[in-house]
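Report on the following structure.
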Amino acid sequence: MVDFERDETQELMVATAREFGEQVVQPAEIELDRMADPADVAGSDLFRGVIEKAYELGFNKMALPEEYGGLGLDAITAGMVWEELSRYGTGIAATLIPSSIVPQLVAFLAPHNKELVERYVIPFCEDTKAEQLSAWASSEPDVGSDGKNYYDLTVHHHTSARGGGGSYVIDGTKSDFVSNGGIATVYMVFACVDPSQGIKGSGAFVVPGDSPGLGKGRALDKIGMRALNQAAVYFEGVEISEEYMIFPPGENYPMLHNAIVTVGNLGVGYLAVGLMRAAYEEALGYSRQRVQWGKPIFEHQLIAEKLLDAYISIESARAFLQKGSWLSKTSFPGDLKTSLSAKIYATDCAVRVTSEMVQVLGGYGISKDHPLEKHMRDAKLLQIMDGTNETLAVKAAALL
Ligand SMILES: Cc1cc2nc3c(=O)[nH]c(=O)nc-3n(C[C@H](O)[C@H](O)[C@H](O)COP(=O)(O)OP(=O)(O)OC[C@H]3O[C@@H](n4cnc5c(N)ncnc54)[C@H](O)[C@@H]3O)c2cc1C
């Protein structure tokens, strides 16, 4: 049953990602990280160029079904690509993961909705210029981890969707942390239709980015993954057709949210594995060159142990995530406990490993002349992305 051999498609996708990563993503990621004003990142030709090239290569549409023009790749293959892209640029890889959230959810939840399929799924699969890019807007200034609190009925999204006459009117503010929040052309918005049901009173709405009344916040200035645009999204009387609500409020809401989290957390985990590999490979090479106390520092056992710990973390995190991807491939969307646990493990490892790889370089590790300090900064965000590891742990533990 267990087989670690890559098939032909996997070989091709990983090789393509590696070449693109080395030649395009890595140099761009480093330059984008150094831009003092994060608002300049998304507006730059450099950022646009990388994302366009990623679309041209099809990395945006890996999980979309072939019947719409997607690549129809399974979760294991897509995971291999996310790891490879993150090896060269975690911020850029993290931009691409949510870029397909609207077409994916429309294809999955509303394949009968001709207007949405023709507007957001098929053109997205044909897009080679990154003209369509999604964001998912769930968290809010006062609803962070509470977005998973289905038990206290006084807790609900403050962003409201009031229905009537065949449409909904959306009002409210989503948090500064929405990935692609300032640059998306379409949003998957979770808004409260019925506050009496708490968080379960929210529905999922497709909201075009150019809707009158929709505002995009300024790019968040943050410690890491600076190539990833994160910004608030504002809604002031944004009117959309009721056909654009693709999941209604009610008892099934946690099921939808859990499905998204089951798939999404694996993606975040693979970002962590790619990031650990980047740090480990850099530190390993350095440790063989750097001579102290008469020998390469790799030959000092305490340094070799750090590198071994990195290697163990990479291999074990990847294996755990691939188990989650296999579950997702064989019975979609997969197993929540496995996905959450693998994400927690991979991202906690990434924070420890990237910090220890800085240590391997000694003083040079903290210098911006080496990429190590950036890897350490990037890793921190992964423990919070797609749910903090604490709240994911509470959820996973309840499933033991
Ligand atoms: C890189 C990144 C990308 C993101 N992308 C998106 C996105 O695309 N769309 C979107 O909507 N949001 C996004 N977010 C927001 C993210 O979902 C929230 O940051 C997250 O849910 C936590 O909410 P908060 O930041 O308000 O922290 P809070 O919920 O205020 O938590 C603060 C602290 O309290 C702890 N805590 C809270 N509740 C509990 C509990 N019950 N038990 C134990 N500890 C608890 C937390 O673990 C944390 O340490 C992103 C965040 C990051 C960092």
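What the table shows:
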{"read-out": "Computed log₁₀ I(q)/I(0) - Debye formula, equal Cα scatterers, no solvent, segment 30-100, q 0.21 Å⁻¹", "value": "-0.91"}
{"read-out": "Cβ-derived FRET efficiency at R0 56 Å, Glu131 paired with Ala398, nearest 0.05", "value": "0.85"}
{"read-out": "Additional length obtainable on full extension of the chain from Ala304 to Glu19, 0.36 nm per residue less Cα span", "value": "99.7 nm"}
{"read-out": "Segment 8-126: relative contact order as a whole-number percent, Cα under 8 Å and 6+ apart", "value": "27 percent"}
{"read-out": "Length-normalised contact order of segment 253-398 in % [C-alpha pairs under 8 Å, at least 6 apart]", "value": "33 percent"}
{"read-out": "Accessible heavy-atom area order of Lys323, Lys222, highest first, probe of 1.4 Å", "value": "Lys323, Lys222"}
{"read-out": "Distance in nm between pseudo-label sites at Glu8 and Ser145 (7 Å out along the Cβ direction from Cα)", "value": "4.9 nm"}
{"read-out": "Cβ-placed point charges (K, R +1; D, E -1), dipole of the chain about Cα centre in debye, nearest 20", "value": "860 debye"}
{"read-out": "Cβ-defined net charge surrounding Phe47, 12 Å radius [Lys, Arg +1; Asp, Glu -1]", "value": "-3"}
{"read-out": "Percent accessible area from carbon and sulfur atoms, the chain, protein chains only, probe 1.4 Å", "value": "53 percent"}
{"read-out": "Descending principal axes extents, segment 134-247, alpha-carbon based, whole Å", "value": "40, 32, 20"}
{"read-out": "Cα-based radius of gyration of segment 8-126 once divided by 2.2 N^0.38 Å, which approximates compact folds", "value": "1.10"}
{"read-out": "Extreme residue, positive dipole direction of segment 253-398, given options Val360, Gly334, Met276 (C-beta unit charges)", "value": "Gly334"}
{"read-out": "Dipole magnitude (debye, nearest 20) for segment 134-247, charges at Cβ of Lys, Arg, Asp, Glu", "value": "380 debye"}
{"read-out": "The chain: DSSP helices with Cα axial extent of at least 15 Å and average Kyte-Doolittle hydropathy no lower than -0.5", "value": "8-20, 45-56, 75-88, 253-289, 301-330, 336-360"}
{"read-out": "Within-14-Å neighbourhood charge of Glu66 [Cβ basis; K, R +1; D, E -1]", "value": "-2"}
{"read-out": "Rg [Å, one decimal], Dmax [Å, integer] - the chain, C-alpha atoms", "value": "21.0, 80"}
{"read-out": "Sparse-neighbourhood loop sites, chymotrypsin sites (Phe, Trp or Tyr not before Pro) in segment 55-159 - DSSP loop, at most 13 other Cβ within 10 angstrom", "value": "Tyr151"}
{"read-out": "Ranked packing of 13-19, 353-359, most packed first, by mean Cβ within 10 Å", "value": "353-359, 13-19"}
{"read-out": "Estimated [θ] at 222 nm from DSSP helical runs (n ≥ 4, -39500 (n - 2.57)) normalised by residues in the chain, nearest 500", "value": "-15000 deg cm²/dmol"}
{"read-out": "Shape call, segment 260-336: gyration tensor on alpha carbons, a/c limit 1.5", "value": "prolate"}
{"read-out": "Cross-link pairs beyond the 31 Å C-alpha cut-off, checked among Lys174/Lys368; Lys61/Lys148; Lys129/Lys395; Lys61/Lys222; Lys53/Lys395", "value": "Lys174/Lys368; Lys129/Lys395; Lys53/Lys395"}
{"read-out": "Net charge contributed by nearby residues that have their C-beta within less than 11 Å of Phe177 (K/R +1, D/E -1)", "value": "-1"}
{"read-out": "Relative contact order for the chain, counting Cα pairs under 8 Å that sit 6 or more residues apart, in percent", "value": "15 percent"}
{"read-out": "Whole-Å semi-axes of segment 253-398's equivalent ellipsoid (Cα gyration tensor)", "value": "34, 14, 11"}
{"read-out": "Most fluctuating residue given options Asn60, Asn265, Asn113, as computed from a GNM of the chain linking Cα atoms under 10 Å", "value": "Asn113"}
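The values are calculated or read from the model by the stated rules, or taken from the named source; none is laboratory data. Computed from a predicted model, the values in this text were never measured in an experiment. All Cβ positions, glycine included, derive from the backbone under ideal geometry; neighbour counts span all protein chains shown. Ligands, DNA and RNA are stripped out before the accessible areas are found, and what is left, the full protein with its side chains, is counted by its heavy atoms. Shrake-Rupley method; radii C 1.70, N 1.55, O 1.52, S 1.80 Å.
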